[in-house]
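Worksheet: one structure, shown below.
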Amino acid sequence: MHQNARWFFDFVSPFSYLQFRTLHRLPDSLELNLTPVLFAGLLAHWGQKGPAEISPKRVDTYRYCRWYATNSNIPFKMPPAHPFNPLPFLRLAVALDCEPEIVKVIFHYIWAKGKPAHTTEGFLDLASSLGINDPELVILNTGAKDILRRNTDSAIAAGIYGVPTTLINEERFWGIDQTQMMLDYLDNPHLVEAPEMKRLTNLPQGAIRRPQPAKIYPD
């Protein structure tokens with residue numbers, strides 16, 4: 001049965017790159033719409049910090065990505081500085097209709113070649129490799145800035161809080177660690193209708209942590 005899905009991603013996310021390299025595992029019957037979003041916008045809306053904003057988590061994330069890539073035979077080289085501002089890359093991808101080959105080239109430039117995505121020179125070098133001498137003009141003429149903003153708003157409306165996330169029939173599958181769960185769902189959509197799945201969906205909260213200055217020990 002033919003199905004449609006949206007894959008929400010940000011070039012700043014190594015996990016987006018790693019999952020992008022596994023999308024060939026999806027069935028041919030699934031039509032996947034590649035949808036760039038601003039990860040920082042999701043974080044701001046939901047009141048979260050990104051992995052790179054928590055010092056020990058930053059280190060653990062980078063090391064895990066290196067390990068995952070090596071074990072999955074995926075070329076991986078961290079760019080010289082991270083995080084970086086992904087807006088130019090996201091807007092350029094949108095301006096070029098998010099063609100899979102364009103997305104692949106951008107991901108490869110940043111995460112396989114480890115190029116300086118944090119610099120203007122790096123962005124212009126990437127644009128030049130795509131045959132674009134004036135990327136800002138291309139972005140302006142296509143309304144890419146507004147489209148990217150709408151993509152991010154659409155993701156938030158769908159309850160998406162992180163990247164990469166695949167949305168299928170209003171079901172969210174977040175991160176590379178849910179790839180197999182997504183494949184199982186595509187094979188058996190009734191997976192999420194099991195009684196225990198429904199119970200977990202509506203599980204009440206037993207305690208709610210109120211925002212306040214951090215304490216190691218409660219009073």
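Every number here is computed from the coordinates shown, using simple stated rules; none is lab data. Here the structure is a predicted model, which is why all the values come from computation and not from measurement. When we count neighbours, we look across all protein chains shown, and the Cβ atoms used for this are built from the backbone with ideal geometry, even at glycine.
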Taking the Cα centre of each part, how many Å lie between the range 83-147 and the range 39-58? 22
In Å and whole numbers, how far do the C-alpha atoms of the range 1-126 stretch along each principal axis, longest first? 45, 32, 32
Could you work out which residue, out of 180, 205, 48, moves most in a Gaussian network model of the chain, that is, has the largest mean-square fluctuation with Cα springs under 10 Å? 205
Which one, 203, 18, 42, has the greatest fluctuation when you compute a Gaussian network model over the chain with C-alpha springs under 10 angstrom? 203
How far apart, in nm, are two points set 7 Å out from the Cα along the Cα-to-Cβ line at residue 121 and at residue 62? 2.1
Report the paramagnetic label zone for residue 207: residues of the range 44-75 whose backbone N is under 13 Å from a point 7 Å from Cα along the Cα-to-Cβ axis. none
Expressed as a whole-number percentage, the relative contact order of the range 87-219 with C-alpha contacts under 8 angstrom and at least six residues apart is 15
GNM top mover of 25, 63, 209 - the chain, alpha-carbon springs below 10 Å: 209
Given an 8 Å cut-off on Cα distances and at least 6 residues of separation, report the relative contact order of the range 3-201 as a percent. 30
Dividing the alpha-carbon radius of gyration of the range 132-219 by 2.2 N^0.38 Å (N being the number of residues), what value is obtained? 1.64
As a test of the formula, what do you get for the chain when each DSSP H run with n ≥ 4 contributes -39,500 (n - 2.57) and the sum is divided by the residue count, at 222 nm and rounded to the nearest 500 deg cm²/dmol? -13000 deg cm²/dmol
List the pair-distance distribution P(r) of the chain, using every Cα-Cα distance, as the percent of pairs falling in each 10 Å bin from 0 up to the bin containing the longest distance, rounded to whole percents. 7, 30, 35, 20, 7, 1, 0
Roughly speaking, what is the centre-to-centre gap between the range 157-210 and the range 60-78 when only Cα atoms are used, to the nearest Å? 25
Inter-label distance, nm, simple model (7 Å from Cα along the C-beta direction), residue 181/residue 156: 2.4
